[in-house]
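Student: Got a structure for you, questions after.
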Amino acid sequence: MTDHAVLYGPHDQSRLTVGHGCFCHDRQFILLADQSEALISLPGGRIVWCVPTFTLFFQTLNQSSTRNLVCRQAPNLIYDLCSCSKGLTHLITMDLHQKEIQGFFNIPVDNLRASPFLLQYIQEEIPDYRNAVIVAKSPSSAKRAQSFAERLRLGIAVIHGEAQDAESDLVDGRHSPPAAKNIAAAIHPSLEIPMMFPKEKPPITVVGDVGGRIAIIVDDIIDDVDSFLAAADTLKERGAYKIFVMATHGLLSSDAPRLIEESAIDEVVVTNTIPHEIQKLQCPKIKTVDISMILSEAIRRIHNGESMSYLFRNIGVDD
């Protein structure tokens, strides 16, 4: 994927603005908005954004209490930047971190899936994939892992108990609900309201058999690789003899390539929604799956006014 590009259709037809979305948030929006503003000034036509990766929606767990606000306001900002009768009319993206984000937009959103390309890679590039098990590195990834496992007719394993960031509002300085001592002081002495027990992470356990198997960890994004490294070490201890990590978006920030190279992971497979050629030079374990075919087909169908349903055949809610 190129950084940013503008493609012009015939007179009174679509004008497409393309960006990979891996810049910092303000620069990404400014570049796309400036290009769209220039296209709006031209007579006729419509504007379609093709942004395979919306990094703005990949918030860290430390920002969990404000994530919903960001997801709600960002689409409004995008629409307002290009809002007019000849403005932004369509958005093409891929594997949003939360699919519900589509509902916040005031324009049609096509959230394409990369899973068919990753499934094809497993079948063609992993010779003994029938001896594999699909692994979710946390319970929150179990639905995605289940989708892969059912399509490949493989078993599934879930890692539970890995270190996770706190989801309390205390992490960002706010107290909602208030601290327990404040609640106790406000409750009438005659009332006995049971309090919620604090969360305590259990020891790491693997639900499912990975002994003597190929472990394929699936997720939607790889950025900070610490959780993947911990999962790989756990799987090795449980007897997995080969470990693959597969995800749609490969941010691979900071020293992720070095950590992957030194880890128990045998191969990391990501798509080219984000350029990572430098990371591949630093770590030969990183492999790329090209998904430009589905993006180009989506662009062609929108340009010609054709149905997009063909691109979502057999796509379920959990894919």
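Student: Please state the relative contact order of region 191-319 as a whole percent: Cα pairs under 8 Å, 6+ residues apart?
Tutor: On the way: 163 pairs, mean separation 24.0, N = 129.
That works out to 19 percent.
Student: Of the listed pairs Lys99/Lys143; Lys242/Lys285; Lys99/Lys285; Lys99/Lys137; Lys236/Lys285, which have alpha-carbon separations greater than 22 Å here? Intermediate values should be presented prior to the final figure.
Tutor: Working: Lys99/Lys143 13 Å; Lys242/Lys285 13 Å; Lys99/Lys285 30 Å; Lys99/Lys137 20 Å; Lys236/Lys285 17 Å.
Result: Lys99/Lys285 exceed 22 Å.
Student: Grab the beta carbon distance between Gln120 and Met195, set R0 = 51 Å, and tell me the FRET efficiency rounded to 0.05.
Tutor: 0.50
Bear in mind that the values in this text are calculations on the coordinates, not laboratory data. Fair warning: this is a prediction, and the values are worked out from it, not measured in the lab. Cβ: placed from backbone, ideal geometry, glycine included. Neighbour counts: every protein chain shown.
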